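This report concerns only the one structure given below.
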Amino acid sequence: MSEQVFFIPAHQEEGSQILSQKTEKIFRRLDFTENIDHDSFVALKIHFGEKGNKGYIKPSWLSDTMKVLKERSGRIFFTDTNTLYVGNRSNASDHVLLAHGHGFDERKWGVPVIIADGLIGRNSDDIVIDKPRIHTAKIASLFSDSDVLVCLSHFTGHMLTGFGAAIKNLGMGCASRSGKLDQHSDVHPRVNPKYCDLCQTCFDYCPEEAISEKQGTAFIDSEQCIGCGECLVVCPRGAVKMTWDDDKIRVQEKMAEYAFAVNKVYEGKIVCINFLIHITKDCDCMCKGVPPFMEDIGILASKDPVALDQASADLIDEQSGKDILRIKNDVDWTVQLKHAEDIGLGNRNYRLVKCEL
Ligand code: SF4
Ligand code: SF4
């Protein structure tokens, strides 16, 4: 069986109004609003973008979709979980302020921002899934308490998982702090002294103070390291590497199993929208504006996160003429899709339905 994935070509230069109309257009094609009652809690899961980031999904692209949802329920809200790394999204207080600064302002949209795992990421529910790598997933409590989920993902490359989109937004993005730790526990970064110039950038970003100077180079204490992967992303000299390719496989498989847990929580009342706009090598946790590595492609939507991510990656490969995602981060990104399909999260076979405004 192949899943339907709706696709509408779009470019950031078209402006917010057109992007908003296009998002609404494919959202309506999903026939999802029948799942929403007047008192349903509707979670719009999104990444608000780290401070200084430019690539995140802008709330103005969602204004028409918000209107459609608000016609069904008065309980629509934006949400995300706190990060493992030290930054402006590692507690709910800073996180909400950052979201407001990036335009997610309830006075303008009538849609509040609620952080899903509480003030410091401790609000977590155990979801038993009994999968090969994860028996019990730790999901932010808000997701168990809400009724339907609209998963809004900015498609980007990613250092650990090759790319991040719907599966990552569900699996990693909906996990509580302990759930994120669970998924990262197999990541074991090391510093190559040949490339390290002791700039100490990674020292500041490490949430566990696991990095210090030793014999003229940065050194990671493996006892303290929680595997969040932040040092890999922020090192300007590419001196931090993971030790085994197995790390990249395990983290992707765990992430897919966590996404399965979120889908279980909602009993399938999930819809996913991917924005292939301003596609960058790294994710929106980067605290700076990063230029895209290819032209914008458009907006895709599906009820199946696996079909959606497969279709998104295929369009990127097709437009670039090569496996650009693998080349950018040296990661076999197919792992997350294959495993997600194997465990029953969704289907890699899809039927692309092209839409027009
Ligand atoms: S050393 Fe470990 S805990 Fe610190 S930033 Fe790197 S991966 Fe995260
Ligand atoms: S960020 Fe990279 S170059 Fe700078 S101290 Fe850390 S490992 Fe060395």
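Can you give the net charge of the other residues whose Cβ lies under 11 Å from the Cβ of Gly179, counting K and R as +1 and D and E as -1?
-1
Cys residues of the chain that find no other Cys beta carbon under 4.7 Å: Cys174, Cys196, Cys199, Cys206, Cys225, Cys228, Cys235, Cys283, Cys285, Cys287, Cys355. In the chain, the convex hull through the Cα atoms has an average projected area of 16.4 nm², a quarter of its surface area. Over the C-alpha trace of segment 195-332, radius of gyration and Dmax come out as 17.8, 54 angstrom. With the alpha-carbon atoms of segment 69-215 aligned to their principal axes, the span from lowest to highest coordinate is 62, 40, 27 Å, starting with the largest.
Pairs of alpha-carbon atoms within less than 8 angstrom and 6+ residues apart define the contacts here; what relative contact order does the chain have, in percent?
On the way: 818 pairs, mean separation 91.4, N = 357.
Once divided by the residue count of the chain, the mean separation gives 26 percent.
Per residue, the convex hull around the alpha carbon atoms of segment 292-349 comes to 80 Å³.
Cβ under 13 Å from Ser20's Cβ, Ser20 left aside: what net charge do those residues give with Lys, Arg +1 and Asp, Glu -1?
Working: positive: Lys22, Lys25, Arg28, Lys58, Lys67; negative: Glu14, Glu24, Asp64.
Its environment carries a net charge of +2.
Taking all Cα pairs closer than 8 Å and separated by 6 or more residues, the relative contact order of segment 189-242 comes to 48 percent.
What is the spin-label model distance, in nm, from Arg351 to Lys108 if the labels are put 7 Å beyond Cα along the C-beta direction? Taking the simple label geometry, Arg351 and Lys108 are separated by 3.9 nm. When the Kirkwood radius is taken over all Cα pairs of segment 189-242, what Stokes-Einstein diffusion coefficient follows at 20 °C and 1.002 mPa s, in µm²/s? Result for D is 201 µm²/s. Treating each Cα of segment 277-324 as an identical point scatterer and summing with the Debye formula, the log10 of I(q)/I(0) at q = 0.13, 0.15, 0.31 Å⁻¹ comes to -0.34, -0.45, -1.17.
Compute the signed sum of charges (Lys and Arg +1, Asp and Glu -1) over the other residues within less than 13 Å, Cβ to Cβ, of Ala313.
On the way: positive: Lys168, Lys322, Arg326, Lys328, Lys338, Arg348; negative: Asp309, Asp314, Asp317, Glu318, Asp323, Asp332.
Result for the neighbourhood of Ala313: 0.
Please compute one quarter of the surface area of the Cα convex hull for segment 144-252 and express it in square nanometres. Average projection, Cα convex hull of segment 144-252: 7.7 nm².
Note on Lys269: lysines with a C-alpha under 20 Å away, same-chain residues under 8 apart excluded, are Lys25, Lys45, Lys67, Lys70, Lys138, Lys168, Lys303. Per-residue ellipticity at 222 nm from helix content only, as computed over the chain with -39500 (n - 2.57) for each DSSP H run of at least four residues, stands at -9500 deg cm²/dmol.
Values quoted throughout were computed directly from the atomic coordinates according to the rules given, and no laboratory measurement underlies them. Bear in mind that the values here come from a model prediction, so they are computed numbers and not experimental data. Quick reminder, even Gly has a Cβ in these numbers, built from the backbone with ideal geometry, and neighbours come from all protein chains shown.
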